[in-house]
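The next block holds one structure in the form of C-alpha cells; read it before the comments.
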Amino acid sequence: MSGTYALTEHDSKKLLAEYGVHISREVIAHSVDEAISCAESIGFPVVLKLNGPDYMHKTESDGVRLHLADRATVRSAAEELFDRPDKPVSLLVSEHIRSSREFIAGVTRNTDFGLTLAFGLGGIFTEVIADITFRLLPATRYEIRSMFEDLSSKALFKAFRGEPEIHVEELTEVLFSISNCALDRKKIISIDVNPILFPGGHPVAVDALVIAHE
Amino acid sequence: MNKVKEIQALFNPKGVVVVGASTHPGKFGFVALHNILNSGFTGPIYATNIDEASILGIQTVKDLRAIPPSVVDFAMICVPALAIPETLIEASKIGIKAVFIVSGGYRESGAEGVKAESDLLKLSEELGIVIAGPNGQGFVSTPARLCSQIVSPYPPAGTIAIASQSGNVLSTFMNLARIHNIGISRGVSTGNQTCLGTAEYISYFAEDSATEVIVSYLEGFPDGRAFYESLREASKMKPVIVVRGGTSPEGAKAASSHTGSLATDDRIFREMVKQAGAFLARDPLIAFELAAAFATQPLPAGKNTLVLTSAGGWGVLTADAISDSELNLLHLPDDLMRSIDEYLPPRWSKSNPIDLAGGETRETIPKLIDLVLSHADVDSLIFLGIGIQGNIARSYLESEYLDEGMRRIAKFHESQEKKYVSALVRGSAEHGKPVLVASELGIADPNNPAIMALRGNNWHCHTSAVSAVAALEALERYSRIRNSQYKYQ
C-alpha cells in the first residue's frame, strides 16, 4: 500500500514492549560470528530470522531457522541465510520458546467501526478454522477478558500437554497493552502479534508486525 | 437541531396533516389518511388534496398554506419526490417539525436520486425539520394512537419499539404483535434514513418512557461507530435486539495483516452487538420471541431453571436445550422434592423436568406452581403442556356426541386452563421470577382457552420450548450484563 510502511519485527516488538507487552529475548546480528556470540549470550536453543523492512512474511520466504541447539547449527543456518541472493544485511537471533499453544492477536482499522481488537487461535490453521473474536476499541479489561469465552479454543487455556494453565490476567494485559499502543499512535493502521506463545503459561509475543501511515 | 429530540414530533404530534391525500382507496394517499383517522388519534387531522375533495368525511384543503399556523407539527407526505422541496418549505412556515416521506425516487433510483436525497438533507437542516424516510412505509405510535402508514396492521399498545430498515419486516413484527397480543409502543420503517438513521431511533427509544424493549432490523450501517455507540448507551437502559440482513462472508478489503484478513464485516458486527450489551437474532420471528419475553417477564436472578411439564417429549427437548444453553437445569433440592411429593401422584418424575404425570386433573397444579416459584433455588420456570385440556374441551364442545356429562367436563377443562394461567401470572408477579410458557398452540389454536387466557394477560405463549429457552437465556444474560458490565473497568 502506498503511503504506508511496515516496522521490522524487532521494531514492532520493541514498540509493543514499551506498552508493557512481554516479548521474546532477541538481538540483531550483522555477521555469522556475531550471530553465534548472540546465540551464546541468549542461550541455546535459538531461532534465526531474516531482519529488515523487506521481510514482512518471513516464513513464506523461507527466512526462519528454528531450534538451533548449538554453535555449529547456528553457524550453518546463519551462513545459509546471509548467503541468500537478496543479501540480507542482518539477522534476528531470538530465544527459541517451547510452547504447544499458539494464539494470535491484532488491531485493525475497520472501515465501518474503526479500531478493532482481534484475538484468536494461532498456528497454521488460523485462517481455515478462524476461531477468532473481536472487540471495538477502546475496550475495558472486562470486555477483553470476555473475548476468551467466545472462542471454541478456550478449552486450550487449561493445563495442556504438561504445560500449566494460561495466565488469563497476563493475557488480558497483553491485549490491553496492544490496544493502548494502537489507540495512542494515531498513525498505526494495523498490529499483528503472531504468534503469542505461553512458556510456563505466561504470554510472550514471539513475532509482531506493525503497519503505519508515513 | 437535536434530531433525537425532534423525533418527539413524529411519535407524539399535536396535530397531523396528510399531504397528497387521495380519494382512491387503492392509493397510498388514501390508506395513510384512513389509518390515521381509524387509529383514534385525538389531535387535529388535516389533509391536502389538489381538488379539495372530501375524503372519509374530511374536508381537504388545497395545500399547506390553507392550514392555520402552529396547529399541526407533523406531516405524512405522500406526494412525488419532485413536489417535496416546495412542500417542506410550506410545512416549515406553518410550524411543522417532523415529516415522514413515503415517496421513493431517491438514492434507490440512481444518480439523480442520490443528488435529490442530498438536497433533501440540506433542506431539512436549513428548515429545522426532521425527515423520516424517504422511501418508507410510515410508522405507528400507540401512545399517540397514531397509525401513520400506508400498510396494515395497527398493533396493540405495549412497550416494544421497532426501527426497521425493511417495512415488510416491521409489518411481520406487528402481525405477530397482533396475534399474540404483545403490544408495540412505536414502530418505524426507516426507509433511506436520509436524516434519521437507526442510531437516532435507538437513542430516542432508549429515553422514551413508553418503550421498554428495543428491536432493530438493519441491512448495513451508514456510520457503524454511531450505531455501536447508540446500541451501547441504549443497552444500559433497555434490552436491544438486533436483526441484520445482508451479511457477507467477504474478507476485509486490502488487509495486509493476518488478523485483518480475518476481520470480516460479519464477524465484527456479531461481536460488536455483544460488546454493546445487545442481542443478535437470526430472524424477525426469533427477535419477536426475545422481545416478547423481555416485555412480559422480570429478569431472573440466576441461571437455575425449572421445567414443569405435562408434555413428556417437550420436557426432554427442553432439558436438552437448557443443557446446550448458558442456563442451568436445576437439580431438585431435597426439601423441594419432599414438598412436591405432597402435591403429585407417587409416579411423578422425581427430577427436573417435573413431569406432572396426569396430576393436572387435580386441583394441585396452581399450588405446585406457587411452591416451586417460592423456592429460593429456583430462578426461572418454563411451563409446558398448556392447552392440552383446552383441546379436549374443544373437541367435546364440537362433537356430535356432545351430552351434558361431556359439556360439564369441557367446562371443567376450560376453567382448569384459566386457573393454570392465573397461577402462572400471579406466581411470576409475587415472586418476581420469569415464567415462560411454551406451546405450539400459541399459533396453532389462538382460540384455545389457555392461549386466550395468556393473551388476555398480555403474556406470550412461546411457539416452541426451544425458543422459550433461547429467550430465557437472553433474559439471564441481560440480567448479568446489567449487574456486572459497568462494575469492572
If we keep only residues of segment B:421-439 that are of a type in the set (Val, Ile, Thr) and more than 17 Å from B:Gly312 (Cα to Cα), then the residue surrounded by the fewest Cβ atoms within 10 Å (Cβ to Cβ) is B:Val425
B:Gly442 passes all but one of the listed conditions (1) at pLDDT 95 or above; (2) open to solvent by less than 10 Å² (accessible area, probe 1.4 Å); the exception is number (1)
When restricted to B:Glu6, B:Glu90, B:Glu86, the only residue under 29 Å from the mean Cα position of the chain (by Cα), among the acidic types (Asp, Glu) and either assigned to a loop (DSSP other than H, G, I, E, B) or farther than 15 Å from B:Gly138 by Cα (or both) is B:Glu6
**Asked** In this structure, is B:Ser209 within 30 Å of A:Arg135 (Cα to Cα), open to solvent by 10 Å² or more (accessible area, probe 1.4 Å) and either touching a helix residue (DSSP H, G or I) at 6+ places or on another chain (Cβ under 7 Å) or assigned to a loop (DSSP other than H, G, I, E, B) (or both)?
**Response** no
Over segment B:334-353, the set of residues assigned to a loop (DSSP other than H, G, I, E, B) and in contact (Cβ under 8 Å) with a residue 40 or more places away in the chain is B:Asn352, B:Pro353
The condition of being within 20 Å of B:Thr42 (Cα to Cα), in contact with a Gly (Cβ under 8 Å, 6 or more places away or on another chain) and either open to solvent by 10 Å² or more (accessible area, probe 1.4 Å) or at pLDDT 95 or above (or both) holds, among B:Ser92, B:Ser189, B:Ser164, B:Ser148, only for B:Ser148
- request: Evaluate the following for A:Ala182: is it within 14 Å of another protein chain (Cβ to nearest Cβ) and over 15 Å from A:Gly123 (Cα atoms)?
  value: yes
Among helices (runs of 4 or more DSSP H) entirely within segment A:104-214, at least 2 residues that are in contact with a helix residue (DSSP H, G or I) (Cβ under 8 Å, 6 or more places away or on another chain) and among the aliphatic types (A, V, I, L, M) occur in A:141-150, A:168-184
A:Leu171 passes all but one of the listed conditions (1) surrounded by fewer than 17 Cβ atoms within 10 Å (Cβ to Cβ); (2) more than 13 Å from chain B (Cβ to nearest Cβ); the exception is number (1)
Those residues of segment A:196-207 which are surrounded by 19 or more Cβ atoms within 10 Å (Cβ to Cβ) and either modelled with pLDDT under 95 or more than 13 Å from chain B (Cβ to nearest Cβ) (or both) amount to A:Leu197, A:Phe198, A:Pro203, A:Val204, A:Ala205, A:Val206, A:Asp207
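Consider B:Val215 carefully, then state whether it is within 22 Å of B:Ser479 (Cβ to Cβ), modelled with pLDDT of 95 or more and touching a Leu at 6+ places or on another chain (Cβ under 6 Å).
So B:Val215 does not fit the description; no.
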If we ask which residues in segment A:154-163 are buried (at least 18 other Cβ atoms within 10 Å of the Cβ) and without any contact (Cβ under 8 Å) to a residue 40 or more places away in the chain, their number turns out to be 1
Considering segment A:94-152, residues that are among the aromatic types (Phe, Trp, Tyr) and within 7 Å of chain B (Cβ to nearest Cβ), and then whichever is surrounded by the fewest Cβ atoms within 10 Å (Cβ to Cβ), we arrive at A:Tyr142
Conditions (1) more than 15 Å from B:Pro13 (Cβ to Cβ); (2) assigned to a loop (DSSP other than H, G, I, E, B) -> B:Val72 fails only (1)
Selection from segment B:27-72 of residues surrounded by 13 or more Cβ atoms within 10 Å (Cβ to Cβ) and basic (Lys, Arg) yields B:Lys27
Considering segment A:58-70, residues that are out of contact with any Phe, Trp or Tyr (no Cβ under 8 Å at 6 or more places or on another chain) and open to solvent by less than 80 Å² (accessible area, probe 1.4 Å), and then whichever is farthest from A:Ile124 (Cα to Cα), we arrive at A:Arg65
Counted residues in segment A:20-54 being under 25 Å from A:Leu175 (Cβ atoms) and either polar (S, T, N, Q) or open to solvent by 50 Å² or more (accessible area, probe 1.4 Å) (or both) come to 4
When every residue in segment A:1-19 that is of a type in the set (Asp, Glu) and farther than 12 Å from A:Ala205 by Cβ is compared, the one surrounded by the most Cβ atoms within 10 Å (Cβ to Cβ) is A:Asp11
Exercise for the section: Could you tell me whether segment B:111-130 includes any residue that is assigned to a strand (DSSP E or B) and either open to solvent by less than 40 Å² (accessible area, probe 1.4 Å) or modelled with pLDDT under 95 (or both)? Expected result: yes
Restricted to segment A:183-192 and to residues being over 22 Å from A:Glu102 (Cα atoms) and among the hydrophobic types (A, V, I, L, M, F, W, C), the residue surrounded by the fewest Cβ atoms within 10 Å (Cβ to Cβ) is A:Leu183
Can we say B:Gly251 is modelled with pLDDT under 95 and within 12 Å of chain A (Cβ to nearest Cβ)? yes
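The values are calculated or read from the model by the stated rules, or taken from the named source; none is laboratory data. Source: prediction; values computed, not measured. Note that each Cβ is placed from the backbone with ideal geometry, even for glycine, and that neighbours are counted across all protein chains shown. These area figures cover heavy atoms from the full protein model, side chains too; ligands, DNA and RNA do not enter into them. Shrake-Rupley method; radii C 1.70, N 1.55, O 1.52, S 1.80 Å.
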